[in-house]
Amino acid sequence: MSAHRSRAALTTYFIAASMAAAGLPVSAHAVTGSAVSDTSYAFTARLEIGDGQDTLRTCSGALIDTQWVLTAASCFTGGLEEPASGKPAEKTVATIGRADLSGTDGHVSRITDLVPRPGRDLVMARLATPATGITPVKVATTAAAQGDTLTAAGYGRTRTEWAPTRLHTASFTVGSVGESQVDVAGKTTNDAICKGDAGGPLLRVNNGTPELVGINSRSHQGGCFGTDPAEARTEAIAARADNTVPGSRLAAGQQLSSGDSLVSAGARATMQTDGDLVVASAAGQTLWSTGTAGNPGATAAFDAHGNLVVRNAEGTSTLWESRTAAVSGSVVLRAGGDLVVLDAQGVAQWSSNSAPRHDYNGDGRSDMGAWYDFAAGTDATYTFFGKEDGSLSGWLRSYTSPAGTWEAKNHKPVTGDFNGDGRGDIAAVYGYSDTSVKIWLYTGRPDGGFNNPVQAWSAAAGSFHISYMTPQSGDFNGDGRDDIAVWYAYADGTTKLWTFTSTAQGTFNAPASSWSATSGTWARTRAKFITGDFNGDGRDDLSVFYGQGDDSVKTYVFNAQANGGFAAPAVWWQSASLDWSRTYPHSGDFNGDGRDDAAVWYDYADGSDKVSTVLSENVGGKDRFGSARVTLSSAAGALDIKRFQLIVGDYNGDGRDDLAVMSHQPDGAVKMWTWTARPDAMFNGAVAGFTAPATSWLYASTHFVGTYRN
């Protein structure tokens, strides 16, 4: 463990065990008390840290969630500093549920991520593979009290063994409890915490069930093998573990204290010491915050009424709230970075909407994915990566198909995180000559490329026809995975919305229909689509800019329902002075308020182009798009949307969506430009990115994949 000295001037010693001892076997075990012979403490973990005889050392830990082990931060640094968040600096392997190390039972997994608890000798360690067959220990909701009898478990030295092969336990009495630590002493001279026990659980029995109140940190090691025989003291210090929130979920009644975090596969939400609740990507990029900095000691609690609330340190003032009533629900941090309030049925009630769209490499910034159609009949996927300034970098080529595999006119791709791993994927609806239809999924790779496609859904000939299908992407049922909605324009003039909800395995469920319209009421040729969470409820909606046949446009929003279907459309915005053929709608959260907005790129007859943004708002309890405001403009001839492919995304990772295009230059070259959004939803000047001459890149062969299609 740590070589720190306690605040009570207790002389302490590092109690992580080195495994480099000449002539001794390289294994270790626990406290100097009794050996464990059953599965009563199966949640106890043994950690091996380092790679090689000279650097390998061991600690203990406690499984508090199927994918999380709580242990001592000092195990990873020697107690000299706090470990860095993220991947451990040294190879770390956890063995859980194996009381006898000579056996083969239990669960063994690499540790892939560390989440330290600032100001406390605690760190949460993520398992690469969940320990699904082992029951985690319950984390106590109240601190240990003076005089309590507690049990410590660990795999460290005993009184007679340097490297025992069994889990041991010992009994301790609580002397005092501080804000961040528990001081204990062995009940007998045979009860001590030794080297190798660092990070092990300190347990209290509550109604016959052990619960975790502390994590072993440092000790005098009196009576431990290898300790000076004159050292008889058995006092030790444990870091307080009560109210530690494991993983990505906050249940009713739980709170994040200063320094606490929720952690998902690709993000973490931290109650910072300055009082701001911040969602950040795994790369450390801030995606969203409550804006409550300047209130040190503030907490974030999910109260009994189902409201997520940030309160000041005294608990007397509400600094921010979700304004939800999700009784018996939970707060969940999703893989991509969305912080969501769910009700008791798991239906989203509010979302931070902070996950960047089509982030293919998981760095917290949006990227652009393209399908390239080579003249030889082959096809390939390319990824252009967002950089800190919002520009788009050079490409990464990944999937490549043999000649003749795909035909562009039958291939309708959209992008989204369809398997919920926090990285963007591509799903393509593809129609075959026999009129059968399949959905192919190209899952995102850690490097930002795409894997070879797998079939995710299929329909026999005669049931669906690719010609009538316009797929759109979004998380329509609020489960954290993107789905596909298909606007189906039948040959008889009727219209229907079908939703293909996604599964955790990366496939799609059988489609379900919701809204429909009779023949002649909706013309596909007059509809232009966008998707986004326009009302901020954690589910993406579908919006249609519909040309009325004159110089007027109405914008309809089909609000998504809990089952992924859609409610009847409502008019959110309209204009009597727009030529529909010159109107190019897009969507994104351009002001970073958690609600998606609409933007119209308009191609004026005089050759000028302007972007007008209509922000989503709630006025008098009614959701709508507000008044249009010009947020980007150009003189005649400077910009031409007809020579652009535009994809909206948060390319600089600041929590606001930007506009990015590939431009077809007059000389045939291609150039990528990004207009980043400001806090007031205005757009900054263009930032240049990737460029290539016509001899090396063909604009006409490039097809960028977005979340909506027109």
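The values are calculated or read from the model by the stated rules, or taken from the named source; none is laboratory data. Keep in mind that what you see is a predicted model, and the values were worked out from it rather than measured. When we count neighbours, we look across all protein chains shown, and the Cβ atoms used for this are built from the backbone with ideal geometry, even at glycine. Just so you know, the surface numbers come from the protein's heavy atoms only, side chains and all, with ligands and any DNA or RNA stripped out. Shrake-Rupley method; radii C 1.70, N 1.55, O 1.52, S 1.80 Å.
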Has segment 645-656 got at least one residue that is free of Cβ contacts under 8 Å to residues at least 24 places away in the same chain and either in contact with a Phe, Trp or Tyr (Cβ under 7 Å, 6 or more places away or on another chain) or not small (G, A, S) (or both)?
-> no
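Evaluate the following for T435: is it hydroxyl-bearing (S, T, Y), open to solvent by less than 60 Å² (accessible area, probe 1.4 Å) and assigned to a loop (DSSP other than H, G, I, E, B)? Give the steps one after another, and end with the answer.
Numbers: hydroxyl-bearing (S, T, Y): yes; open to solvent by less than 60 Å² (accessible area, probe 1.4 Å): yes; assigned to a loop (DSSP other than H, G, I, E, B): yes.
Here the answer is yes, as T435 does meet what is asked.
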Within segment 302-311, how many residues are in contact with a Gly (Cβ under 8 Å, 6 or more places away or on another chain) and crowded, with 21+ Cβ neighbours inside 10 Å?
-> 3
Got a sec? Which of A152, A125, A144 is crowded, with 24+ Cβ neighbours inside 10 Å and either in a loop (DSSP other than H, G, I, E, B) or in contact with a helix residue (DSSP H, G or I) (Cβ under 8 Å, 6 or more places away or on another chain) (or both)?
-> A144
Filter segment 602-648 for residues that are buried (at least 20 other Cβ atoms within 10 Å of the Cβ) and in contact with a His (Cβ under 6 Å, 6 or more places away or on another chain) and give the result.
-> V648
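Taking segment 409-429 only, how many residues are more than 29 Å from A265 (Cβ to Cβ) and either in a strand (DSSP E or B) or open to solvent by 40 Å² or more (accessible area, probe 1.4 Å) (or both)?
2
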With the condition kept exactly as written, say whether any residue in segment 237-249 is open to solvent by 30 Å² or more (accessible area, probe 1.4 Å) and acidic (D, E).
-> no
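Looking only at strands (runs of 3 or more DSSP E) that fall completely inside segment 460-561, which ones have 1 or more residues that are touching a residue at least 40 places away in the same chain (Cβ under 8 Å) and over 27 Å from Y432 (Cβ atoms)? Show your work before the answer.
On the way: elements: 469-474, 483-489, 495-500, 512-517, 527-532, 541-547, 553-558.
By residue number, 512-517, 527-532, 541-547, 553-558.
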Apart from one, (1) of a type outside the set (V, I, T); (2) more than 21 Å from N353 (Cα to Cα); (3) touching a residue at least 60 places away in the same chain (Cβ under 8 Å) all hold for A232; the odd one out is (3)
Could we say that D540 is under 24 Å from the mean Cα position of the chain (by Cα), open to solvent by 10 Å² or more (accessible area, probe 1.4 Å) and not basic (K, R) here?
-> yes
Within segment 312-326, can one find any residue that is closer than 24 Å to R481 by Cα and touching a Ser or Thr at 6+ places or on another chain (Cβ under 7 Å)?
-> no
Looking at this structure, is G297 open to solvent by 10 Å² or more (accessible area, probe 1.4 Å) and over 19 Å from the mean Cα position of the chain (by Cα)?
-> yes
Which numbered condition A605 misses (of (1) in contact with a Pro (Cβ under 9 Å, 6 or more places away or on another chain); (2) among the small types (G, A, S); (3) outside any strand (DSSP E or B)) = (1)
Selection within segment 43-54 - closer than 19 Å to T104 by Cα, of a type in the set (S, T, N, Q) and either part of a loop (DSSP other than H, G, I, E, B) or open to solvent by 30 Å² or more (accessible area, probe 1.4 Å) (or both) = none
Being at pLDDT below 95 and in contact with a Lys or Arg (Cβ under 9 Å, 6 or more places away or on another chain) is the filter here, so list the residues in segment 388-411 that pass it.
-> E388, S393
All but one of (1) closer than 22 Å to R624 by Cα; (2) of a type in the set (A, V, I, L, M); (3) under 21 Å from the mean Cα position of the chain (by Cα) hold for I530, so report the exception by its number.
-> (3)
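Against the definition (surrounded by 24 or more Cβ atoms within 10 Å (Cβ to Cβ) and either without any contact (Cβ under 8 Å) to a residue 12 or more places away in the chain or not hydroxyl-bearing (S, T, Y) (or both)), how does P356 come out, yes or no? So that I can check it myself, show each step before the final result.
Details: surrounded by 24 or more Cβ atoms within 10 Å (Cβ to Cβ): yes; either without any contact (Cβ under 8 Å) to a residue 12 or more places away in the chain or not hydroxyl-bearing (S, T, Y) (or both): yes.
For P356, the condition - surrounded by 24 or more Cβ atoms within 10 Å (Cβ to Cβ) and either without any contact (Cβ under 8 Å) to a residue 12 or more places away in the chain or not hydroxyl-bearing (S, T, Y) (or both) - is met.
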All-but-one check, E314 against (1) open to solvent by 10 Å² or more (accessible area, probe 1.4 Å); (2) at pLDDT below 95, failing number (2)
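Looking at segment 195-214, can you tell me whether even one residue there is in a loop (DSSP other than H, G, I, E, B), open to solvent by 30 Å² or more (accessible area, probe 1.4 Å) and over 25 Å from D100 (Cα atoms)? Spell out the reasoning first.
Just the residues of segment 195-214 that are in a loop (DSSP other than H, G, I, E, B), to begin with: 195-200, 207-208.
From what's left, open to solvent by 30 Å² or more (accessible area, probe 1.4 Å): 195, 207-208.
Filter once more, so that each one left must be over 25 Å from D100 (Cα atoms): 207.
Yes, segment 195-214 contains a residue that is in a loop (DSSP other than H, G, I, E, B), open to solvent by 30 Å² or more (accessible area, probe 1.4 Å) and over 25 Å from D100 (Cα atoms).
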Using beta carbons and a limit of 7 Å, which pairs, at least six apart or on different chains, have the first residue in segment 100-128 and closer than 15 Å to Q67 by Cβ and assigned by the TED database to the domain that holds P296 and the second one open to solvent by less than 40 Å² (accessible area, probe 1.4 Å) and outside any strand (DSSP E or B)?
-> none
Can you find even one residue in segment 637-649 that is out of contact with any Gly (no Cβ under 8 Å at 6 or more places or on another chain) and small (G, A, S)?
-> yes
Pairs with Cβ under 6 Å, 6+ apart, first in segment 162-175 and farther than 24 Å from D228 by Cα, second not in a strand (DSSP E or B) = V174/A144; V174/Q146; V174/D148
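Return a yes/no flag: does segment 184-196 have any residue that is of a type in the set (A, V, I, L, M) and within 37 Å of the chain's Cα centre (by Cα). Talk me through it step by step, then tell me what you get.
First, the residues of segment 184-196 that are of a type in the set (A, V, I, L, M): 184-185, 192-193.
Imposing the further condition that a residue be within 37 Å of the chain's Cα centre (by Cα) reduces the set to none.
No - not one qualifying residue is present in segment 184-196.
How many residues does segment 55-96 contain that are outside any strand (DSSP E or B) and buried (at least 22 other Cβ atoms within 10 Å of the Cβ)? I'd like the intermediate steps shown before the answer.
In the first step, residues of segment 55-96 are kept if they are outside any strand (DSSP E or B); the result is 55-56, 66-67, 72-85, 87-91.
If we keep only those that are buried (at least 22 other Cβ atoms within 10 Å of the Cβ) as well, we get 67, 72-76, 79.
Residues that pass the stated criteria total 7.
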Residue in segment 331-353 that is within 16 Å of the chain's Cα centre (by Cα), open to solvent by less than 50 Å² (accessible area, probe 1.4 Å), outside the structural domain of D475 (by the TED database) and at pLDDT 95 or above present | yes
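Residues that are more than 20 Å from G424 (Cβ to Cβ) and not acidic (D, E): find the strands (runs of 3 or more DSSP E) completely inside segment 289-380 holding 2 or more of those. Write out each step before concluding.
Values: elements: 299-302, 308-311, 318-321, 330-333, 339-342, 348-351, 367-373.
Hits in segment 289-380: 299-302, 308-311, 318-321, 330-333, 339-342, 348-351.
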Is segment 134-154 home to any residue that is more than 36 Å from the chain's Cα centre (by Cα) and among the aliphatic types (A, V, I, L, M)?
-> yes
